[in-house]
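The structure appears below as structure tokens.
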Amino acid sequence: MSARSLVDRFASPAPADGIRRPPKPVYVDEAEERRLLELGGGLVRSRMRGILRLAAYGLLTLALLPVQMVAVALGLRLRETLPRFYHRLCTRLLGFRVVVRGRRLPERPVLFVCNHVSYLDIMVLGSVITGCFVAKSEVAGWPGFGLLAKLQRTVFVERRRSAVARHGDAIAERLKGGDNLILFAEGTSSDGTRVLPFKSGLLAAADHRVDDAPLTVQPVSIAYTRLNGMPIGRGLRPFLAWFGDMELAPHLWEVVALGRITVVVEFHPATSLAEAGSRKALAAACRDRVAAGLARANAGR
């Protein structure tokens, strides 16, 4: 289907009586939605756009990498603020428009509990939250991304039960220092259409008290909603969601070659372990709020 025939098909004919009426809805199935990516002229995907974006991203990273290394080594406050500045620049360079809803809690420390759609979540959430991520230990060994995660002072956790106590100590130390923590409570990434159950074991950080008060937990939902102004449905979502056995490098190349991407980040009402009553109830309450936010964003509300 050519771009011209697509326009002709979707265009509404002029009414004979001159009275303007609401346009008829246009339904695009998943197969047709994916075919839209094959339009020519760089309307949706552009190889040159991808090359330029990757080059700009690489230059920015190389320029700020030594600065962050020094800040971390010397314990400067810059080590907290520079990552957020870096992520903000990255979202602009890679064509992301981040829409923030709700109110992010300004006090510290806060445990932000989020759904997980893609490795892109780190850049998006890092652009609006000053904090450290909690990630599985395998991330530390990822080429390039592992180094960046370490420089953002990520807390790496193992899935073995024997390592829980050690991870708890590391998390407690961060909280005492006033660091915000950002946790993907599903334990893995999803397809961006639904939210998987939150694992109560991953919310062990909520057990800690700060200044003899319960740690504040704020649920956050993230949804990739539009591509070049067009709503993203199931057919286009895998170009942004990273899950299953997808390879990182080919997926990243698809992302940087795309057009303008709108991401909705919604901050939901805060809670705590004391308010929920148990870690399992806390996980369920956070999951429900995040799932409702994702559904609203995906529906365009």
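Mind ordering 183-196, 67-80 by average Cβ neighbours within 10 Å, highest first?
Packing order, densest peptide first, comes out as 183-196, 67-80.
On full extension of the chain, what length is gained from residue 145 through residue 243, given 0.36 nm per residue of separation minus the C-alpha to C-alpha distance? Present the calculation step by step, with values, prior to reporting the outcome.
Numbers: separation 98, 0.36 × 98 = 35.28 nm, distance 1.67 nm.
Here the segment from residue 145 to residue 243 would lengthen by 33.6 nm.
I need the calculated FRET efficiency for the pair residue 284 and residue 65, taking r as the beta carbon distance and R₀ as 35 Å, to the nearest 0.05.
0.30
How are the alpha carbon pair distances in segment 191-301 distributed across 5 Å bins from zero to the largest one, expressed in percent?
Here the calculated profile for segment 191-301 is 2, 11, 18, 18, 15, 13, 11, 7, 4, 1.
How large is the charge dipole for segment 192-254, taken about the Cα centre, if only the Cβ atoms of Lys, Arg (+1) and Asp, Glu (-1) carry charge, to the nearest 20 debye? Don't skip to the answer; put the middle values down first.
Working: 6 positive and 6 negative charges, 75 e Å.
Dipole about the Cα centre, nearest 20: 360 debye.
Under a plain spin-label model, where a point goes 7 Å from the Cα along Cα-to-Cβ, how far apart in nm are residue 56 and residue 104?
About 2.2 nm, to one decimal.
What Kirkwood Rh does segment 57-116 have if only Cα atoms enter the pairwise 1/r average? Answer in Å.
13.7 Å
Counting only protein heavy atoms, what percent of the accessible surface of segment 199-251 is carbon or sulfur at a 1.4 Å probe? Before the final figure, lay out each step's value.
Values: 1290 of 2410 Å².
Here carbon and sulfur together make up 53 percent of the probe-accessible area.
Ignoring ligands, DNA and RNA, please state the percent of accessible area on segment 59-108 from carbon and sulfur, probe 1.4 Å. Intermediate results must be reported in sequence, preceding the final value.
Details: 1930 of 3100 Å².
The C+S portion of the solvent-accessible surface of segment 59-108 is 62 percent.
Quick query: amide H of residue 180 versus all other amide H atoms, modeled in the peptide plane; which residues come in under 5 Å with a sequence gap of 5 or more or a different chain?
Excluding prolines and chain starts, which carry no amide H, the hits are 110, 132.
The values are calculated or read from the model by the stated rules, or taken from the named source; none is laboratory data. Please read these numbers as outputs of a predicted model, since none were measured by experiment. Note: ideal-geometry Cβ built from the backbone for every residue, glycine included; neighbour counts use all protein chains shown. Just so you know, the surface numbers come from the protein's heavy atoms only, side chains and all, with ligands and any DNA or RNA stripped out. Shrake-Rupley method; radii C 1.70, N 1.55, O 1.52, S 1.80 Å.
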